[in-house]
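Right, one structure below, let's go through it.
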Amino acid sequence: MTTPSATVQIDPTRIISPVDRRLYSGFIEHLGRCIYGGLVPDESTPKELITSSGFRKDVLEVIRDELHVPVMRWPGGNYASSYRWKDGIGPRNLRPTRPELAWGGIESNHFGTDEFIRWCREANTEPYICLNMGTGTLEDALDWLEYCNGTRRTYWADQRRTNNGGRDEPYNVKYWALGNEMYGPWQIGQLSAAEYTAKAQQWAHALKIMDPSIVLISCGQCGYNVWDATILRGLVKQVDLHSIHGYTSFGDRDRTEDAEYERGVFGPEAAEKGIEITRSLIELARIEIGATESRPVKIAFDEWGAWDETIGTPENGLEQHYTLRDALGVASWLNVFVRNADIVKMANYAQAVNVIAPIITSPTGLFKQPIFHPLRLFAQFMGGALGQGSSSLQLHVQSPCYEGVTLPPWIGTVRREGGCKWIDASAVLSGSSGSPERSIRVALVNRHKTESFAVHLNFLGPKAPTEIDIHEMYHQDPVAKNSFEEPENVKVEKRSEAWNDGRIVLKKHSFVLVCIPYTL
């Protein structure tokens, strides 16, 4: 039987855009065991796993030193729409316990603004706060901004100084979101697009008066919705980023069909279509408003991930144990962001620990789910921690296509007429011009469940390399998982091999990241 083949044409001169490190950002929410039992230890956690500030040391180190998360979004998510931030400051024994409306729990408020900022400092990540536009008021939002960023001797700035050991320096929180998913009937304080636009215009105006340096993020939907068009038309003068959300493996379908694998690995195609349409909606809003009057708004895909809502449920704290198939979907998500690096400037994986997350903890340890591996490799090599100065490259991929069932169903028709390519790819050129350490990193996903592919990396550089490094994630079972008992059942293996004119074999249902030396 003939092995199917594909070609990926790589031209280092065809640069799309610098890759923003913020593509590899994260998200934490007061839900399940994300905060309490995730970032914050259980009562039975041994002292050696707790930092002097009271956080889980092992979780913090993985997020900081392996995932290199540059920005962390908090407190939600749906939780944000009824969060009373003032309950979460001051002495812990005086903080009120409240019913939590988004997920049905009880909130102790032991982890509040000061703890979040302290955790971010220790994790070497920038804080990103989502404002409560559900039960919250504009006055609450202004007070919160004053508390975090105020430099003068004003009431809330002085409260911060008191709660932060008398230190004068502000927290300087840069990123502020104008609510979370305010379009949704599941949201506390749901608004129509017109209502949200009018409210957000008022909030944006006042918040920018309080602190003109902040980055404001509007509340979008999925990118291919009238809501996004309305919000952008109304806020393109005032916001810096427009958020959109999406999850693969989420939504109604006939689960008796033997198509869950394909639904999972091809789902990110819908996100790419959402980005494409949002790009056009931003351009349309700027044309209608006038380019000189509007802002060059970019996209923050600040909730994304793999989530099957029948597995990760509110009853189990949205804890979902992921498979290799899910990890392939995550790798394709990351390819989407790199390919669209000119318009997507932030992306926040939902969530960081325990809740539909790459890390699962017990009171005494943790293990890394299969989805952890593409997140780590992209963060380290594709414009993240070890890829400073990286630029996304425009690739030409020739590959056979899949023409079957997808989720959402329109992916194979509207998004990709003629089907979706089995081989999914992105690439970056890393290193500054003239540097001897320059390299090209190519991320390849073979989305075929049963067929390996002979892939030709057609390199158009001036000098072909002699040897390449390959990081490969593979397991013979596409639904293989990791666990405390088998933490490395699905893992990444690194090898070096001869260039061989750019010809490599991509195993069935596998992900590889190829590092190619680039010399002039």
Cα centre as origin, Lys/Arg/Asp/Glu Cβ charges: segment 1-136 dipole, Debye: 320 debye
Of all accessible heavy-atom area on segment 83-150, the percent that carbon and sulfur account for (1.4 Å): 51 percent
Nearest-10 value in Å² for the accessible area of TYR36, using the 1.4 Å probe: 70 Å²
Label point distance in nm, ASP42-MET210, each placed 7 Å from Cα along Cα→Cβ: 3.8 nm
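Using the C-alpha gyration tensor of segment 297-381, what are the square roots of 5 times its eigenvalues, in whole angstrom, with the largest one first?
Ellipsoid semi-axes (Å, largest first): 24, 14, 12.
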Debye log10 I(q)/I(0) for segment 214-304, one point scatterer per Cα, at q = 0.22 Å⁻¹: -0.98
Interchain or long-range residues, amide H under 5 Å from ASP42's placed H: GLY37
Share of alpha-carbon pairs per 5 Å distance bin for segment 232-376, given as whole %: 2, 9, 18, 19, 16, 13, 10, 7, 4, 2, 0, 0
Dmax and Rg, reported as Rg then Dmax, of segment 166-256 (C-alpha, Å): 16.0, 61
Accessible surface, 1.4 Å probe, highest first, among residues GLU437, GLU107, GLU493: GLU437, GLU493, GLU107
Whole-Å semi-axes of segment 137-289's equivalent ellipsoid (Cα gyration tensor): 36, 20, 14
Kyte-Doolittle mean at least -1.0 and Cα axial length at least 18 Å: DSSP H helices in the chain: 193-210, 268-289, 324-339
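For segment 24-176, what is the accessible area per residue in Å² when the probe is 1.4 Å?
About 40 Å² of surface per residue is accessible.
Checking a compactness column here: for the chain, what do you get for Rg(Cα) / (2.2 N^0.38 Å), N being the number of residues? Before the final figure, lay out the partial values.
Working: Rg = 22.8 Å, N = 520, 2.2 N^0.38 = 23.7 Å.
Its radius of gyration relative to the 2.2 N^0.38 Å reference: 0.96.
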Evaluated at q = 0.16 Å⁻¹: base-10 log I(q)/I(0), Debye formula over Cα of segment 1-61: -0.67
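Using just the alpha carbons, could you tell me how many Å³ per residue the convex hull of segment 318-438 encloses?
Expressed per residue, the convex hull around the Cα atoms of segment 318-438 is 143 Å³.
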Selection of GluC sites (Glu not before Pro), segment 239-318, meeting DSSP coil and at most 15 other Cβ within 10 Å: GLU257, GLU293, GLU309
Amide proton proximity set for ASN180, modelled H, under 5 Å, gap of 5+: MET133
Positive-pole candidate from TRP499, HIS471, PRO487, dipole of segment 442-515, charges at beta carbon: TRP499
Whole-angstrom Cα spans of segment 105-225 along principal axes, big to small: 46, 34, 25
Inter-site label distance for SER280 and GLN394 at 7 Å from Cα along Cβ, in nm: 1.8 nm
Amide N of segment 94-126 lying under 20 Å from the label point, which is placed 7 angstrom from the Cα of ARG167 along Cα→Cβ: 110-126
Area projected by the alpha carbon convex hull of segment 374-520, averaged over all directions, nm²: 10.2 nm²
Rounded to the nearest 20 debye, dipole of segment 1-78 from Cβ charges on Lys, Arg, Asp, Glu: 220 debye
Estimated vicinal HN-Hα couplings, Hz - segment 22-36 in sequence order (Karplus 6.51, -1.76, 1.60; Gly, Pro = x): 5, 5, 10, 8, x, 8, 10, 9, 6, 8, x, 9, 5, 7, 8
Estimated dipole of the chain in Debye, rounded to 20 [Cβ of Lys and Arg +1, of Asp and Glu -1, Cα centre]: 1100 debye
Spin-label pair ASP469/LYS237, simplified geometry with 7 Å Cα→Cβ offset, distance in nm: 5.1 nm
Percent antiparallel among DSSP beta bridges (both partners in the chain, rounded to 5): 60 percent
Radius, Kirkwood style, for segment 1-105 when every pair of distinct Cα atoms is counted (Å): 17.7 Å
For ASN340, net neighbour charge (Lys/Arg +1, Asp/Glu -1) across residues whose Cβ lies under 13 Å away: 0
Amide H contacts under 5 Å for GLY105, placed H, 5+ residues apart: GLU100
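The values are calculated or read from the model by the stated rules, or taken from the named source; none is laboratory data. Note that the structure is a prediction, hence the values are computed from the model and not measured. Counting neighbours? That spans all protein chains shown, and the Cβs are built from the backbone with ideal geometry, glycine included. Heads up: the accessible areas ignore ligands, DNA and RNA and are worked out on the full protein's heavy atoms, side chains in. Shrake-Rupley method; radii C 1.70, N 1.55, O 1.52, S 1.80 Å.
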